[in-house]
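The next block holds one structure in the form of structure tokens; read it before the comments.
The values are calculated or read from the model by the stated rules, or taken from the named source; none is laboratory data. Treat the numbers as computed from the prediction; the structure is a model and nothing was measured. Note that we place each Cβ from the backbone using ideal geometry, even for glycine, and neighbour counts take in every protein chain shown.
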Amino acid sequence: MIVPYGAFLLLPIILSLSFVSPAGRLDWRENRTQRLLAIVLVFLMLGVSGFVPLDSPRAPEEWGEPFATENPYAPAWPSSEQYTWIFVETQNPANFEVVQSLTIRTPHQANPFQQTESSIWISSLFGLQESRMRQAIDLVDERIPIRIDSEAFRLDQKGDAQSHTFRPSSGNVELNVWVYDCYTTSGTNPDGTKVGEVVVVGQSGWGGSVELIVVVRPFFHDGLTSDPYAESIVNVWLNE
């Protein structure tokens, strides 16, 4: 069954319906143990499937060898694979980008219908997004004058996700784009100090995994105005 948000939407609906009808409530009274056991087994299967190993993330040849092929801050569940690059403009070293290519297991949903959207929503809900971002924040911290503590930052989404047509050489692709302001919260400003922006783009697929690209740029990067969706980088990733 193709259901957006998968188990996170389907399970509450099924449980609600089982309590709404008189026949369902009667069945709960007569088969309470069996139903509870079935629910436990479903959650166990979701948990175990989240640890299934993944293929390596996309790694365009023209990007060269990744700076890192592991993320020590990534949560153990769901499983993920991540490559990280640092791109620095030779003529203007202040213009740099930290790029992460990820493959993340989606145990809640095996179909691609709104799979990227549900994965990003779940990551935001449980704070998984910030955990995976800590490595990139450490790398940005080494290159800008403002101190950033990777344990003291927050991401504020800039409006809703926007649909955008990317134009890689392999053909146009319409995908949703999430843009976040990144704030350090370790300074004296109670509202935090903006240190950069984060662009997130993903492609869904069958088989219970989603592919994401994350581009982190400092607040003074020229591309924040000239290329707000990091299209020059995302296009290369989409060609892979």
Next on the checklist: Out of everything in region 75-111 that is aliphatic (A, V, I, L, M) and in a loop (DSSP other than H, G, I, E, B), what residue ends up being nearest to the chain's Cα centre (by Cα)?
Outcome noted: ALA76
Checklist entry - Just wondering, is there one or more residues in region 40-51 that are touching a helix residue (DSSP H, G or I) at 6+ places or on another chain (Cβ under 8 Å) and either farther than 26 Å from GLY208 by Cβ or assigned to a helix (DSSP H, G or I) (or both)? => result yes
Item to check | Set GLU30, GLU65: member being surrounded by fewer than 12 Cβ atoms within 10 Å (Cβ to Cβ) and not assigned by TED's automatic domain parsing to the domain that holds VAL216 | outcome: GLU30
Item to check | Looking only at region 151-192, and only at residues there that are over 17 Å from the mean Cα position of the chain (by Cα) and of a type in the set (Ser, Thr, Tyr), the one that is nearest to TYR229 (Cα to Cα) | outcome: THR165
Checklist entry - Which one of the conditions (1) more than 16 Å from the chain's Cα centre (by Cα); (2) touching a residue at least 40 places away in the same chain (Cβ under 8 Å) does GLN114 fail to meet, given that it meets all the rest? => result (1)
Checklist entry - Does PRO72 count as part of a loop (DSSP other than H, G, I, E, B), at pLDDT 85 or above, assigned by TED's automatic domain parsing to the domain that holds ASP222 and in contact with a Pro (Cβ under 8 Å, 6 or more places away or on another chain)? => result no
Next on the checklist: Can you find a residue that is closer than 20 Å to LYS194 by Cβ and not in a loop (DSSP other than H, G, I, E, B) anywhere in region 115-125?
Outcome noted: yes
Checklist entry - Looking only at region 15-30, which residues are among the small types (Gly, Ala, Ser) and either in contact with a Lys or Arg (Cβ under 6 Å, 6 or more places away or on another chain) or in a helix (DSSP H, G or I) (or both)? => result SER16, SER18, ALA23, GLY24
Next on the checklist: Can you tell me which residue is farthest from THR116 (Cα to Cα) among those in region 183-225 that are in contact with a Lys or Arg (Cβ under 8 Å, 6 or more places away or on another chain) and among the small types (Gly, Ala, Ser)?
Outcome noted: GLY187
Item to check | Condition met for ILE120 (within 23 Å of PHE43 (Cβ to Cβ), buried (at least 18 other Cβ atoms within 10 Å of the Cβ) and touching a strand residue (DSSP E or B) at 6+ places or on another chain (Cβ under 8 Å)) | outcome: yes
Checklist entry - Residues of region 89-101 being without any contact (Cβ under 8 Å) to a residue 40 or more places away in the chain and exposed (fewer than 12 other Cβ atoms within 10 Å of the Cβ), which ones? => result THR90, GLN91, PRO93
Checklist entry - Which residue out of PRO190, PRO168 is in contact with a Leu (Cβ under 7 Å, 6 or more places away or on another chain), surrounded by fewer than 16 Cβ atoms within 10 Å (Cβ to Cβ) and over 30 Å from LEU46 (Cβ atoms)? => result PRO168
Next on the checklist: It is to be established whether one or more residues within region 212-219 are surrounded by fewer than 22 Cβ atoms within 10 Å (Cβ to Cβ) and of a type outside the set (A, V, I, L, M, F, W, C).
Outcome noted: no
Next on the checklist: Condition check: closer than 19 Å to PHE220 by Cα, in contact (Cβ under 8 Å) with a residue 24 or more places away in the chain and among the aromatic types (Phe, Trp, Tyr). Does PHE166 satisfy that?
Outcome noted: no
